[in-house]
Amino acid sequence: MSTPTMAPSVRPSLPAMLLRTMRPKQWIKNLFVLSPLMFSQHLFEMRTLLLGLAAFAVFSLTASAIYIVNDIFDARTDRLHPVKAKRPIASGALRLPAAWTTALLLGALALVLALLIGGDLGLVIAIYLVMNLIYSAFLKRAVIIDVMTIAASFVLRIVAGAVVIDVPMSEWLLICTSLLALFLGFSKRRHEITVLEEDAHIHRPVLLEYNTYFLDQMISLVTASTLICYILYTVAEDTVLKFGSKNLLLTTPFVLYGLFRYLYLVHQRNTGGDPTSEFLSDKPLVLNVVLWAASVVLIIYFR
């Protein structure tokens, strides 16, 4: 009786590896670009909608360029991570020349498209690229500053969404977005420490400066601040005057549940390392966000 032979593993194609390294699932973060469109009451105007979607596409290309650069910089430490070690660059399946070339082409394409759409959007994209390159090279090793830089990246998404449709930027929206991004960033650091334990600082040197107690304090602070900021926004005089209704306050339970649900995932299920994956895989969280967005649209546009 002959011994069965194992089928040889199929090496992914270069386009498949590049697409995986671009992380299209992470593009969901760029939906923040559409926030100014929704809250500016221009969501159902074709011109502004197309501009918002164009800004979303440009930001997705930009973010993918940065993801590739991050994987290049982190290849050595990613090999020590139980999940990231399987990434094309960390595993050695994707060569550095191809990765660098793709990152440069994506970044250049995004910048050119942004300039064609509008000069202000081009400036925002340029700032995002420079800031994240500095983050990859230096700032990711600076305690607290590393998470604050991530939060700044989310703020730039809001700025991009506002400048592309030429509407004033809401200070409330910028503050709430910053706090939410800090909440997600510190939760991610906590997950990394919990999963990697004594090897955490080897994977990410800045984790040597963190511990779970300190991170829990930071998470508690930004959780409360996010909720309070959102409530104050809904009852602010200019908000009520703009939307002609006080009913936006009724969306607060969705925000509260979303924060509590994510804390549950972090502390009870020991997840939170990838906010996008958590959002896409946790059905209650997905449903909550959909209901929040639907209720906001109903209140703003169908009062």
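Numbers below:
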quantity: Per residue accessible area in Å² of the chain, where ligands, DNA and RNA are left out and the probe is 1.4 Å; calculated: 52 Å²
quantity: Share of Cα-Cα pairs in the range 150-303 lying beyond 24 Å, as whole percent; calculated: 39 percent
quantity: Top of Ala126, Ala98, Ala63 by mean-square fluctuation, Gaussian network on the chain, Cα under 10 Å; calculated: Ala98
quantity: Principal axis dimensions, the range 1-128 - Cα atoms, whole angstrom, descending; calculated: 72, 31, 24
quantity: Highest-MSF residue in the chain out of Arg269, Arg76, Arg261 [GNM, Cα springs under 10 Å]; calculated: Arg269
quantity: Carbon plus sulfur fraction of accessible area for the chain, probe 1.4 Å, in percent; calculated: 69 percent
quantity: Shape category assigned to the range 100-167 from the gyration tensor of Cα positions, a/c cut at 1.5; calculated: oblate
quantity: Nitroxide proxy distance, nm - points 7 Å out along Cα→Cβ at Leu115 and Arg303; calculated: 4.2 nm
quantity: Rounded to the nearest 10 Å², the accessible area of Val143 at probe 1.4 Å; calculated: 60 Å²
quantity: ³J(HN,Hα) computed for each position of the range 35-51 - Karplus, 6.51 cos²θ - 1.76 cosθ + 1.60, integer Hz, glycine/proline x; calculated: 4, x, 4, 5, 7, 8, 6, 10, 4, 9, 9, 4, 4, 5, 5, 5, 5
quantity: Cross-link pairs Lys29/Lys86; Lys86/Lys283; Lys84/Lys283; Lys25/Lys246; Lys188/Lys242 - those with Cα-Cα distance over 32 Å; calculated: Lys25/Lys246; Lys188/Lys242
quantity: The range 128-169 versus the range 245-303: alpha-carbon centroid distance in Å; calculated: 23 Å
quantity: Within a Gaussian network of the chain (alpha carbon springs, distance under 10 Å), most fluctuating of Ser220, Ser136, Ser60; calculated: Ser220
quantity: Lys, Arg +1 and Asp, Glu -1 on Cβ, resulting dipole of the chain about Cα centre, debye, nearest 20; calculated: 720 debye
quantity: Over the range 81-221: Rg over Rh, Cα atoms, Kirkwood Rh; calculated: 1.02
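The values are calculated or read from the model by the stated rules, or taken from the named source; none is laboratory data. Values in this document were obtained by computation on a predicted structure and should not be read as measured data. Methodologically, a virtual Cβ is constructed for each residue, glycine included, from the backbone with ideal geometry; neighbour enumeration extends over all protein chains shown. Calculation scope for accessible area: heavy atoms of the full protein, side chains included, ligands and nucleic acids excluded. Shrake-Rupley method; radii C 1.70, N 1.55, O 1.52, S 1.80 Å.
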